[in-house]
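Some notes on the structure that comes next.
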Amino acid sequence: MVNLVALTRLTRKLLPAMLQRRTGGVLNVGSIAAYQAGPNMSVYYASKVYVLSFTEALREELAGTGLHLTCLEPGATETGFGQDSGMGRLDMFSSHAMSAAAVAKAGCQGYRKNADVVIPGWTNRLIVTGIGFLPRFATRKIVGKIQGI
């Protein structure tokens, strides 16, 4: 509901005033999960695809209006998500997670530069790039193994 409905409703509510002022914008928080299927977390991963696609499409629709539309796509981040989702036991949360402050800083910097997508951290960028070279069936299997399926 947060990733789809709240994001869409808030954008719809706030966008008209920004368009009228020709200033402002939207920084949506997606995830590198948007670039792969996530067995045992299929709805979460799919919702992150929506965040990315919605932001990119809206950015294109609003080109030339002066508004910034950026999608922040972090990987594992030091928040309560790992523990709450049951994924805290995974190596990516214990050794590869970025601090929330570093992720927020990267997102704000990217937004100010009017970047379309911000993937903070070289490890996260490597993961997203590497996924592009694999067939989708392989990424499903790999993500499933990482998540302990």
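The values are calculated or read from the model by the stated rules, or taken from the named source; none is laboratory data. All of these numbers come straight from a predicted model, not from anything done at the bench. Here Cβ is always computed from backbone atoms with ideal geometry, including for glycine, and neighbour counts include all displayed protein chains.
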- prompt: What number of residues within the stretch 103-131 satisfy the criterion of being without any contact (Cβ under 8 Å) to a residue 24 or more places away in the chain and either assigned to a loop (DSSP other than H, G, I, E, B) or in contact with a helix residue (DSSP H, G or I) (Cβ under 6 Å, 6 or more places away or on another chain) (or both)?
  reply: 1
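Let's see how each residue does on (1) farther than 22 Å from GLN147 by Cα; (2) of a type in the set (Ser, Thr, Tyr); (3) touching a residue at least 60 places away in the same chain (Cβ under 8 Å):
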| site | (1), (2), (3) |
| --- | --- |
| LEU4 | yes, no, no |
| LEU19 | yes, no, no |
| ALA34 | no, no, no |
| ALA37 | no, no, yes |
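Counting residues that are buried (at least 19 other Cβ atoms within 10 Å of the Cβ), modelled with pLDDT of 90 or more and within 18 Å of the chain's Cα centre (by Cα), which helices (runs of 4 or more DSSP H) fully inside the stretch 1-102 reach at least 3?
On the way: elements: 7-21, 42-61, 81-85, 91-94.
So the answer is 42-61.
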- request: Could you list, in sequence order, all residues of the stretch 103-139 that are within 15 Å of the chain's Cα centre (by Cα) and on the phi > 0 side of the Ramachandran plot?
  value: GLY121
